[in-house]
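Worksheet for the structure shown next.
The values are calculated or read from the model by the stated rules, or taken from the named source; none is laboratory data. Keep in mind it's a predicted model, so treat the numbers as computed, not measured. Cβ: placed from backbone, ideal geometry, glycine included. Neighbour counts: every protein chain shown. We work out accessible area using only protein heavy atoms, side chains counted, and drop any ligands, DNA or RNA first. Shrake-Rupley method; radii C 1.70, N 1.55, O 1.52, S 1.80 Å.
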Amino acid sequence: MKVTFLGTGTSQGIPVIGCTCEVCRSLDFRDKRLRTSIHVEVDGLSIIFDSGPDFRQQILREHITRLDALVFTHEHKDHTAGMDDIRSFNFLQKKDMPVYARKNVVEQLKREFAYIFSENKYPGIPRVEIQEIDNSPFFIEKTKITPIEVSHFQLPVFGFRIKDFTYITDAKTISDKEKDKIRGSKTLVINALQIDEHLSHMTLNEAISLAKEINADHTYFTHLSHRMGTHKKTEKLLPENIEIAYDGLKIEI
């Protein structure tokens with residue numbers, strides 16, 4: 001399995017518009033963060049988790065020429081706004097795009113992209129094949145994917161486990177029952193927003209604590225804000241086997 005971090009930033013990305021902080025002015029390429037998303041290549045499949053506002057830019061940067069499925073973690077705009085750009089894959093692959101999402105996310109997509117789901121469709125719009133999921137394992141062809149429900153303040157969000165890889169973003173808390181689904185993962189990706197306390201995202205210390213509890217061989221932090229500090233400074237605060245992900249990072253599992 002190969003995982004590429006398409007984006008590792010928050011809803012505003014980094015640099016933040018109008019901000020002149022050290023992080024936003026950094027010349028380190030690792031401090032340039034598009035909205036959070038990953039590309040997973042597994043069992044001959046090409047799967048993307050979340051299509052935020054930077055979806056087109058991310059696809060072009062990574063030279064992704066085939067997409068077999070799009071999976072959504074939740075309905076917030078920074079995770080869904082780029083779905084229109086799947087139409088290029090419709091044209092290339094000559095088929096509808098399978099889109100996997102829970103019921104409330106599907107309802108939001110139908111509001112946000114009403115023209116896609118209209119009875120009288122305009123020529124050339126994206127074509128999707130909605131696959132509604134719940135908190136039960138599902139398959140994309142022969143690949144098993146296990147949802148992991150986390151809480152993003154009061155909003156339920158799905159993380160996902162594929163084989164020995166677990167991906168979780170936009171989490172503040174995770175129940176013990178859902179943590180049991182993560183245990184045994186060799187590679188864990190979790191969100192770590194900033195150092196200071198936050199209402200709906202794990203802080204750096206909370207993410208470190210969860211990483212130690214799960215004890216995966218390797219843990220990567222994603223969904224970082226400019227309030228975390230620069231990549232160079234923050235990585236010095238991390239225990240062994242925990243790293244900060246950055247846009248374009250590729251890992252083999």
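Give region 106-121 a look and list any residue that's within 20 Å of the chain's Cα centre (by Cα) and either open to solvent by 90 Å² or more (accessible area, probe 1.4 Å) or not hydrophobic (A, V, I, L, M, F, W, C) (or both), or say none. Residues satisfying the conditions are 107, 108, 112. Is there a residue in region 130-141 that is crowded, with 21+ Cβ neighbours inside 10 Å and at pLDDT 95 or above? Checking region 130-141: not a single residue is crowded, with 21+ Cβ neighbours inside 10 Å and at pLDDT 95 or above. Considering every residue within region 209-222, establish whether at least one is of a type outside the set (A, V, I, L, M), open to solvent by less than 10 Å² (accessible area, probe 1.4 Å) and assigned to a loop (DSSP other than H, G, I, E, B). Looking through region 209-222, none of the residues is of a type outside the set (A, V, I, L, M), open to solvent by less than 10 Å² (accessible area, probe 1.4 Å) and assigned to a loop (DSSP other than H, G, I, E, B).
So which residues in region 167-203 are open to solvent by 10 Å² or more (accessible area, probe 1.4 Å) and either assigned to a helix (DSSP H, G or I) or among the small types (Gly, Ala, Ser) (or both), if there are any at all? Residues satisfying the conditions are 175, 176, 177, 178, 179, 180, 181, 184, 200.
If you go through region 9-17 one residue at a time, do you hit one that is within 20 Å of residue 92 (Cβ to Cβ), surrounded by 16 or more Cβ atoms within 10 Å (Cβ to Cβ) and among the aliphatic types (A, V, I, L, M)? Please lay out each step first, then the result.
If we filter region 9-17 for residues that are within 20 Å of residue 92 (Cβ to Cβ), which is where we start, we get none.
No: region 9-17 contains no residue that is within 20 Å of residue 92 (Cβ to Cβ), surrounded by 16 or more Cβ atoms within 10 Å (Cβ to Cβ) and among the aliphatic types (A, V, I, L, M).
Screening region 65-105 for residues that are open to solvent by less than 20 Å² (accessible area, probe 1.4 Å) and part of a loop (DSSP other than H, G, I, E, B) and picking the one that is farthest from residue 150 (Cα to Cα) gives 67.
The set of residues in region 199-253 that are over 26 Å from residue 27 (Cβ atoms), of a type in the set (Gly, Ala, Ser) and touching a residue at least 40 places away in the same chain (Cβ under 8 Å) comprises 200, 216.
Just one of the numbered conditions (1) among the hydrophobic types (A, V, I, L, M, F, W, C); (2) closer than 18 Å to residue 76 by Cβ; (3) part of a helix (DSSP H, G or I) is not true of residue 116: (2).
Within the set 145, 168, 162, the sole residue that is within 16 Å of residue 50 (Cβ to Cβ), under 17 Å from the mean Cα position of the chain (by Cα) and free of Cβ contacts under 8 Å to residues at least 24 places away in the same chain turns out to be 168. Applying the set (1) touching a helix residue (DSSP H, G or I) at 6+ places or on another chain (Cβ under 9 Å); (2) more than 16 Å from residue 73 (Cβ to Cβ) to residue 134 leaves exactly one unmet item: (2).
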